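Participant: Here you go, one structure.
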Amino acid sequence: MAEKIVLCGANAYEKKYYFNKQFAAIPQSIQDELHIMCVLFTEEVGGIFTLAFEEDGDLVLETDAAEEDYLYDEISSGLLIREIRNKKQELLESLSLYYRVVILGEKIALDE
């Protein structure tokens, strides 16, 4: 199974936010936006929410909940992930491009 590299995440159970220091070069304004997005997700739905990069650079949004968490709203989590993908599409694509260029070292052809 391929390893994923977590960019950031929030945990409603521990009331904590995590940002991977490997990505410290990402502008602070984007880091702040990710922080807000992750915390608001867990405040609304509960559980654990993470943004992680797959080996090929695709950014995945994942949510999980403790088995005994009966308040976790699985339907709302799916709807909220879809909403984030729609509203933050440009941000998510930019983060994926950043990962592919900076971390994976891919060469990207710029259209002129």
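Participant: List the trypsin sites (Lys or Arg not before Pro) within the stretch 1-72 that fall in a DSSP loop (any state other than H, G, I, E or B) and whose Cβ has at most 10 other Cβ atoms within 10 Å.
Facilitator: Passing both the DSSP loop test and the Cβ count: LYS15.
Participant: Given springs between every Cα pair under 10 Å in a Gaussian network model of the chain, which of SER29, SER96, SER77 has the largest fluctuation?
Facilitator: The residue that fluctuates most here is SER29.
Participant: Counting only protein heavy atoms and using a 1.4 Å probe, what share of the accessible area of the chain belongs to carbon plus sulfur, as a whole percent?
Facilitator: 52
Participant: Hey, another quick one. For the stretch 28-80, run through the chymotrypsin sites (Phe, Trp or Tyr not before Pro) and keep only the ones in DSSP coil with at most 14 other Cβ atoms within 10 Å of their Cβ.
Facilitator: Taking the stretch 28-80 and a limit of 14 other Cβ atoms within 10 Å, the loop chymotrypsin sites (Phe, Trp or Tyr not before Pro) found are TYR70.
Participant: In whole Hz, what ³J(HN,Hα) sequence does the stretch 57-73 give by Karplus (6.51, -1.76, 1.60; θ = phi - 60°), x for Gly and Pro?
Facilitator: x, 5, 9, 10, 9, 10, 9, 8, 9, 5, 4, 8, 7, 7, 8, 4, 9
Participant: Relative contact order for the chain using alpha-carbon pairs under 8 Å, separation at least 6, rounded to a whole percent?
Facilitator: Relative CO of the chain lands at 24 percent.
Participant: Let me cross-check ILE108: its accessible surface, 1.4 Å probe, with only protein heavy atoms counted, in Å² to the nearest 10?
Facilitator: The accessible area of ILE108 comes to roughly 70 Å².
Participant: Report the dimensions of the chain along its three principal axes from the alpha-carbon atoms, largest first, rounded to Å.
Facilitator: 51, 31, 25
Participant: Measuring with a 1.4 Å probe in the full set of protein chains, what accessible area per residue, in whole Å², belongs to the stretch 23-112?
Facilitator: Accessible area per residue: 66 Å².
The values are calculated or read from the model by the stated rules, or taken from the named source; none is laboratory data. Bear in mind the structure is a predicted one, so any value in this text is a computation, not a measurement. So basically every Cβ, Gly included, is an ideal-geometry build from the backbone, and we count neighbours across all protein chains shown. These accessible areas exclude ligands, DNA and RNA; they are computed on the full protein's heavy atoms, side chains included. Shrake-Rupley method; radii C 1.70, N 1.55, O 1.52, S 1.80 Å.
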